[in-house]
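The values are calculated or read from the model by the stated rules, or taken from the named source; none is laboratory data. Model, not experiment: these values are computed from the prediction. Virtual Cβ from ideal backbone geometry, glycine too; neighbours counted across all protein chains shown.
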Amino acid sequence: MTLKVGVIGTGMIGQDHIRRLTQVLSGVQVTGVTDIDLERAASAAPAGADVFDTPQALIRSDKVDAVVICSWGPAHEEQLLDCIQVGKPVFCEKPLVTSTEAALRVMEAEVAFGRRLVQVGFMRRFDADYRRLKAVIDGGTLGLPLMYKSVHRNASVPAGLYTSDMPLNDTLVHDADISRWLLGDEIAGVEVRLPRKSRQGGELRDPHIVLLHMASGVIVDVEISVNIAYGYDIRGEASCERGIAALPNRPATVITDARGIRQAIPEDWRERFIEAYDQEFREWIVAAGQGTATGPSTWDGYAATLVADAALRAVASGQLEEIAMRDKPALYAAPVQQAA
């Protein structure tokens, strides 16, 4: 059976997902699109897809079995609640929502519905390198993990659109989520340190060092540099009792010529994680076709929101900011999502 999908939001990421759903993956058809800019929606719509005037009309349409949300963050809560109300599986790009209170409202609605419907777009969990790293950590051959180093470097970010808070309330959520998933652990506290400011970003506060204090005692050291100039560079290394496990550099191809020996660096997130995005949607399509969701959950989105809020408090206070989580509902009682 073909899953009929409606896409809300046809900006850069929405258009990329439409391409993925129509040109790369099978078992799925984009039957509807909408955007705050209806002309952009019409331009992005694949042949045969309806252009809906509002997200609510798309969500409630009989032509749509499942929904992909790529709208701006403040709109997510209402759209998620509408999907849950009508019982339609929904893939939501990060952030899940933009406040802890909103995350709790979405969680309460999903729990009341009684079945998981929401998957959050934390695509790193679907990357083959991260999955191999998790398998090593879970296998226990290196003993317990003691520290984890996560590096997130962008060549640049849009001037005027990317603010000094965004390394902590936008970029950090990927590093926080992958740390929780790799370690099977929750984040209990956050510290932020500001090194010497880069001149590459003008007035932007950049870079950041973030320390995530896990409930088990593991400390995660996150480096965020968003104007590093040379490329999009994602790294991860787990220091364990009996050894080290690290992500390989990507792309792995080594070039040797008259200029020396070197590796290329991805230009942006699309190049580095294109296969992870494909795999995340393959798995979402299967689950959505069964009326549910199995990837990163509303609970994971809630956890990421708590970390972002704590990081913003920490950069202002200069202190360790603790995180208090509500009790995990039985709907999300399984451990933080395991690798497939």
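I'd like the full set of residues that are outside any loop (DSSP other than H, G, I, E, B) and either farther than 15 Å from Trp72 by Cα or aliphatic (A, V, I, L, M) (or both), limited to the stretch 41-55. Of everything in the stretch 41-55, those that are outside any loop (DSSP other than H, G, I, E, B) and either farther than 15 Å from Trp72 by Cα or aliphatic (A, V, I, L, M) (or both) turn out to be Ala41, Ala42, Ser43, Ala44, Asp50, Val51. Scanning for something modelled with pLDDT of 95 or more, β-branched (Val, Ile, Thr) and surrounded by fewer than 21 Cβ atoms within 10 Å (Cβ to Cβ), does the stretch 71-87 turn up at least one residue? Yes, the conditions are met somewhere in the stretch 71-87. Across the stretch 14-69, the qualifying residues are those that are acidic (Asp, Glu) and closer than 23 Å to Asp82 by Cα, and the one among them that is surrounded by the most Cβ atoms within 10 Å (Cβ to Cβ) is Asp35. Just one of (1) buried (at least 19 other Cβ atoms within 10 Å of the Cβ); (2) among the β-branched types (Val, Ile, Thr); (3) within 23 Å of Arg250 (Cα to Cα) fails for Val192. It is (3).
The set of residues in the stretch 3-40 being in a loop (DSSP other than H, G, I, E, B) and of a type in the set (Val, Ile, Thr) consists of Thr10, Ile36. Answer yes if at least one residue in the stretch 87-98 is among the small types (Gly, Ala, Ser) and outside any helix (DSSP H, G or I), and no otherwise. Looking for residues that are among the small types (Gly, Ala, Ser) and outside any helix (DSSP H, G or I), one finds at least one in the stretch 87-98, hence yes.
Hey, among the residues in the stretch 233-265 that are free of Cβ contacts under 8 Å to residues at least 12 places away in the same chain and of a type in the set (A, V, I, L, M), which one's surrounded by the fewest Cβ atoms within 10 Å (Cβ to Cβ)? Once the filter is applied, the top-ranked residue is Ala258.
Condition first: assigned to a helix (DSSP H, G or I) and surrounded by fewer than 21 Cβ atoms within 10 Å (Cβ to Cβ). Can you find one or more residues in the stretch 147-164 that meet it? Looking through the stretch 147-164, none of the residues is assigned to a helix (DSSP H, G or I) and surrounded by fewer than 21 Cβ atoms within 10 Å (Cβ to Cβ).
Being small (Gly, Ala, Ser) and without any contact (Cβ under 8 Å) to a residue 40 or more places away in the chain is the filter; apply it to the stretch 180-215 and report the residue that is nearest to Ala316 (Cα to Cα). By that ranking, first place goes to Ser198.
Conditions tested, residue by residue: (1) of a type in the set (D, E, K, R); (2) free of Cβ contacts under 8 Å to residues at least 24 places away in the same chain; (3) closer than 26 Å to Glu108 by Cα; (4) in a helix (DSSP H, G or I).
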| position | (1), (2), (3), (4) |
| --- | --- |
| Gly231 | no, no, no, no |
| Glu267 | yes, no, no, no |
| Ala293 | no, no, yes, no |
| Thr305 | no, no, yes, yes |
| Ala308 | no, no, yes, yes |
| Ala324 | no, yes, yes, no |
| Asp327 | yes, yes, yes, no |
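Condition check for Val106 on (1) crowded, with 17+ Cβ neighbours inside 10 Å; (2) outside the structural domain of Ile18 (by TED's automatic domain parsing); (3) part of a helix (DSSP H, G or I): one failure, at (2).
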